[in-house]
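Undergrad: Below is one structure. I have some questions about it.
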Amino acid sequence: MRLIEVWSGEQERTYALFNKFPADENGFENPASGMDKAAFGEYVHDLENEAAGIGLKPGWVPATKYILVNDQGEYVGIFNLRHELNDALMEGAGHIGYGIAPEWRGRGYATEGLRLLLIKARDEFGITEAYLSVHKNNPASLAVQRHLGARIDHESDTEYFTRIDTPATA
C-alpha cells in the first residue's frame, strides 16, 4: 500500500475517486464534489500549489492531498496532511483528514493509510504529535485513530479532538 500525491495520480482514476465522495461526509470535506473534468484539472493544479505554499487563501496553511493506492493498484481513499497548524486548526480540523471510498470501507484501509500518513508527517514535515478531529457520530474513524495510539485530548458537543504521537506509528 502507498500514498501518492493527487497530482501524480492518473487523471481519470483520480477524478473518479473524488466523485465517490460528497461535499461533506462526517467531516471529510471534498471541495471537488460535482466538478466537471476541466474544473477538476484546475483544482488538482491548485492542490499542487497549496502543497508548495503558493497562493494560499487567507488563514490556510500548506497541505498535501494524497491518494491511497492498495497493493492491487486501485485508488481506495483520499488523505490530506496539513504541514503545520494555525490557531483555527489547533481547535478544529487539525493536521489530517481522510476518507475511504464507500466500496473499500471496513477492510483496514483507513488504518493503514493513516499509519502511512503519520510516518510522512513525522519524516517529511517534522510533526511529532498529530492533531485530528472526528465527529462523535463516526465511531469507525475514532477506532482507526485509537488503533494507532490516539488519545482524546478534549471534545465539543459534536467532535472529539485527538492526538497521536507520530514516533509510535512506524
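Undergrad: What's the local net charge at residue 137, with K and R +1, D and E -1, over the other residues with C-beta under 12 Å away?
TA: Numbers: positive: 136; negative: 25, 157, 159.
Net charge in that neighbourhood comes out at -2.
Undergrad: Would you kindly state how much longer the chain becomes between residue 33 and residue 48 on full extension, computed as 0.36 nm times their sequence separation minus their alpha carbon distance, in nm to one decimal? Let's see the in-between values first.
TA: On the way: separation 15, 0.36 × 15 = 5.40 nm, distance 1.80 nm.
Value of the extension gain: 3.6 nm.
Undergrad: Which percent, nearest 5, of DSSP beta bridges in the chain are antiparallel?
TA: Roughly 100 percent of the DSSP beta bridges within the chain come out antiparallel.
Undergrad: Given a 1.4 angstrom probe, I'd like the percentage of the accessible area of region 40-98 that is carbon and sulfur, rounded to a whole number. Don't jump to the answer; show the numbers that get you there.
TA: Working: 1310 of 2650 Å².
Taking all protein chains in place, region 40-98 shows 50 percent carbon and sulfur surface.
Undergrad: While we're on this one: Note the listed values (1) 15.5, 49; (2) 15.0, 41; (3) 17.5, 54, then indicate which one is Rg and Dmax of the Cα atoms in Å calculated from this particular structure.
TA: (2)
The values are calculated or read from the model by the stated rules, or taken from the named source; none is laboratory data. The structure displayed is predicted, hence computed values, not measured ones. Cβ coordinates were reconstructed from backbone atoms using ideal geometry, including for glycine residues, and neighbour counts include every protein chain displayed. Accessible surface is based on the protein model in full, side chains and every heavy atom, while ligands, DNA and RNA are left aside. Shrake-Rupley method; radii C 1.70, N 1.55, O 1.52, S 1.80 Å.
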